[in-house]
1. Is segment 145-288 best put as rounded, prolate or oblate by its Cα gyration tensor, with a ≥ b ≥ c the root eigenvalues, rounded for a/c under 1.5, and otherwise prolate when a/b is larger than b/c, oblate when not?
2. Just want the answer: with Cβ charges of +1 for Lys and Arg and -1 for Asp and Glu, which residue in GLY296, PRO485, THR82 is farthest toward the dipole's positive end in the chain?
3. Which value in Å does the Kirkwood hydrodynamic radius of segment 125-204 take, with 1/r averaged over all unlike C-alpha pairs and then inverted?
4. Taking 1 over the mean of 1/r across every pair of different Cα atoms in segment 434-487, what Kirkwood radius in Å do you get?
5. So, in Å, what gap is there between the alpha-carbon centers of segment 93-131 and segment 142-200?
6. Please report the net charge: other residues with Cβ closer than 11 Å to the Cβ of PRO309, K and R +1, D and E -1.
7. On average, how much accessible surface per residue is there in the chain, in Å², for a 1.4 Å probe, leaving out ligands, DNA and RNA?
8. Taking the highest mean first, how do the peptides 485-491, 381-387 order by number of other beta carbon atoms within 10 angstrom per residue?
Amino acid sequence: MDIYNTMPGGVDDYSQVLGGVSDELVKAVIAGSQTGRDYNNVQNTGGSLKTESLDAMVRLLTSTEKHIVFWKALNKQSIYNTVHEYNQQLDYGNDAGGFNLEGEAPQFSDPTYRRKSALIKYLGFSGEVTHPAMLVRNADGINNWAREIQNKTMLLMRFIDKQIATANSKMVSTEFDGIFQQHFEAEEVGNSNLDTYFKSTQVIDARGKVLTDDLAQDAANSALNTNFGFADKIIASPNVFTNYVKQFGGLKRFMVGQGGAIVNATTGQSVKGIETQGLNLEFMSDIFFDRERAIGKNYNQAATHSKAPAAPVADGTTPTNVVNSIATSKFANFTGTYFYAVAARNRYGISALTLLKTTASTVANATDAVDLKFAAGAGAYAAESYIIYKTKKNQAAYTDPNAFYPVFEVSATELSNGYDSATSGVVRDRNLWIPGAQSALVTVVDPEYMEYLQLAPIMKMDLAITSPSKRFMVLNYGTPALYMPTKVIRIVNIGDIQPA
């Protein structure tokens, strides 16, 4: 008799037979489709005898060390103080009066210097493994203590790589100042002023377009000819380089005809860099570089941590307000409708998003701006800063998945004072930053230009044993230092708009 047909209703759980569901006698020893542990304490005819067919390899579904690029490329300088100072030479001297009369002594000219400092910040994560967990045998042969040390080390390395460009101590005091913030604050670049920054020769605004050869030429020219520097790399996320390559995808032609079929062809395009007039710029792709700006969130996104601040509270009267005749606004080519949201942030994480208004704000003119009004929420953990989120132009509905992109961040003090010429408690958006767009750096990754300062390399520190478990910390005390901000070019607002 077919053993399957002896089962009541054709079931494949043979243990049911021995449990009295059927009076039929099963004479075959079976393997069954369940794992051995599922037969625990159940009568069966062979299923419980199986050993687990467990693969010894642990499949890693998260990022790997290969994804950490920028931080690994930076030179690591070990220092011995929590405040590291360095000097910048601004000029050799004033070259006025270089021509002289016969027999006349030349004019005296003095070089100019500036002393700068970088503050070390403290980074780390803790781990804990129980004593029994250290004694059990794992399928891949790695004990849990070693595995957890590796996990926390990788977590810290990934965290540093994410923060190298974007961290900002003005927003959250425990953070170091990343490359972008140091660039913005440099006296000869942005001098901590938005309009000064966007007008500087070290900033090139793509205005939502993809990276192009023209943008690369402009950046190289600014580095080499305007600011007496050099560059050999463009550092950006893979999105930036993927969209660059797409510009050329439609230019290929394949002639296929009788007797002329193409066999074993490889199509597509892979670009490793851009040759400009004077500089060869190699692509350095880092998936974590300026990553958060390209990640959309839902309007009802939950808080990222239990100790994150309470969600901000939208103003009950005018949470969004379109103002006119702001000459420095940058809504040209971006007039349309937008939804806005805001989240509070502290050193633990980001609050839930607060949708400022369920109806879109209509920006009709290039010189319009949008004022956003909200206040801190009441909670046990105070907000240090606020992230402004915005949809792309003419978004159909605020409920669309992943519609809100972080565009800029303001500190609690800036909100209180009024941000970007707005009144107290109001943040103004002039469309300086475009939703979903990212930045790239055109620079040299060299200790003369930038490096990572640290008191010591990443280290492990064991904690006291107070229970049958071992605890430890993986630590790093460091900060990036941008020594030559005037020679580093930042291309901002690189989006996905392909050239016409």
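The values are calculated or read from the model by the stated rules, or taken from the named source; none is laboratory data. Note that the structure is predicted; figures quoted are calculated from it, not measured. Quick reminder, even Gly has a Cβ in these numbers, built from the backbone with ideal geometry, and neighbours come from all protein chains shown. The accessibility values were calculated without ligands, DNA or RNA, using every heavy atom of the protein model including side chains. Shrake-Rupley method; radii C 1.70, N 1.55, O 1.52, S 1.80 Å.
1. Oblate, since a/c reaches 1.5 and b/c is not below a/b.
2. Ranked along the dipole, the leading option is GLY296.
3. So the Kirkwood estimate lands at 15.8 Å.
4. Averaging 1/r across every pair of different Cα atoms and inverting gives 15.0 Å.
5. Between the Cα centres of segment 93-131 and segment 142-200 lies a distance of 22 Å.
6. With Lys, Arg at +1 and Asp, Glu at -1, the net is +2.
7. Solvent-accessible surface per residue comes out at 54 Å².
8. Packing order, densest peptide first, comes out as 485-491, 381-387.
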